[in-house]
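Here the structure is laid out as structure tokens; the discussion comes afterwards.
The values are calculated or read from the model by the stated rules, or taken from the named source; none is laboratory data. All values derive from a computational prediction rather than experimental measurement. We place every Cβ from the backbone using ideal geometry, glycine too, and count neighbours over all the protein chains shown.
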Amino acid sequence: MSTADLPVPTLILVAIVVLYLLNSIKILREYERGVIFRLGRALPAPKGPGIILVFRPIDQMVRISLRQEVLEVPPQDVITRDNVTIKVNAVVTLYVVSPNDAAIKVVNYVYQTSQFAQTTLRSVLGEVELDELLSHRDKLNLRIQSIIDQRTEPFGVKVISVEVKQVDLPEQMLRAMAKQAEAEREKRSKIIHAEGEYNAAQKLADAAALLATQPITLQLRYLQTLTEIGVEKNTTIVFPLPLEMLGLLTNIAGLGSMPSKQP
């Protein structure tokens, strides 16, 4: 019996059944899972990936992506513990670990995570000082990530990282920090200069002590200086006059000026 011998209503019924079966075929990608609601009740395990059958209207499917999603937290006004008003934004990376929970226990898990991230960012950064926020950002990122992850775990979302993206400071604070940095650099410069002077004085004292043990070295040093002056083709020669000789000449001059005794 061929299909041509079948009555028209039967052919229509067969065509409807074939179209219904073809329409029931769904293809899920490798990173997708399908949460099936059969007569309003969710099946214990999600379907996919690959070819699955969804028999409407008995079954309804919600597609859930298992890929990582990046959520940008909009800028938040934060007052730090030392009363500095700043604007901070962050980036949250998350993915779904339980498709059934993400489809059943929350309306929109991305929006829910965004709200948790905003409130957590304000509360955590409001408990620290500005210097700690700028210097210990990695530790704060881990703390924020841990808090958000605990709050998103009930609806099957895993938060794997939170990064504070940008910290906007007021102009007055930027000028104050610039002055502080300039003062720190000037302080280090003066300390380095003083250490150099101290080291130079120490070396000179050591050299003087060494030369004092061998007076002949002064004459050698004098001759070496004359050689260096002669290289520059200078005609002026400087003779060092020891202070002891000046004292001797002063004594001689004093004796010569004394009046002679009368007999």
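For residues in segment 196-221 being of a type in the set (S, T, N, Q) and modelled with pLDDT under 80, which is surrounded by the fewest Cβ atoms within 10 Å (Cβ to Cβ)?
Thr213
Pairs under 9 Å by beta carbon, first residue farther than 13 Å from Asp131 by Cα in segment 163-178, partner in a loop (DSSP other than H, G, I, E, B) and at pLDDT 80 or above, six or more apart or different chains?
Matching pairs, first to second residue: Pro170/Val84.
Looking at segment 73-110, which of its residues are farther than 22 Å from Val164 by Cα and part of a helix (DSSP H, G or I)?
Pro99, Asn100, Asp101, Ala102, Ala103, Ile104
Six or more apart or on different chains, Cβ atoms under 8 Å: show the pairs whose first residue is in segment 105-120 and surrounded by fewer than 16 Cβ atoms within 10 Å (Cβ to Cβ) and whose second is part of a loop (DSSP other than H, G, I, E, B).
Matching pairs, first to second residue: Lys105/Gly156.
Of the conditions (1) part of a strand (DSSP E or B); (2) closer than 19 Å to Ile104 by Cα, Val70 satisfies every one except a single condition; which number is it?
Going through (1) part of a strand (DSSP E or B); (2) closer than 19 Å to Ile104 by Cα one by one, Val70 breaks only (2).
In this structure, does Arg63 turn out to be part of a loop (DSSP other than H, G, I, E, B) and of a type in the set (D, E, K, R)?
Spelling it out, it is not the case that Arg63 is part of a loop (DSSP other than H, G, I, E, B) and of a type in the set (D, E, K, R).
Looking at the structure I just gave you, is Ile160 assigned by TED's automatic domain parsing to the domain that holds Asp131, in contact with a Phe, Trp or Tyr (Cβ under 9 Å, 6 or more places away or on another chain) and not aromatic (Phe, Trp, Tyr)?
yes
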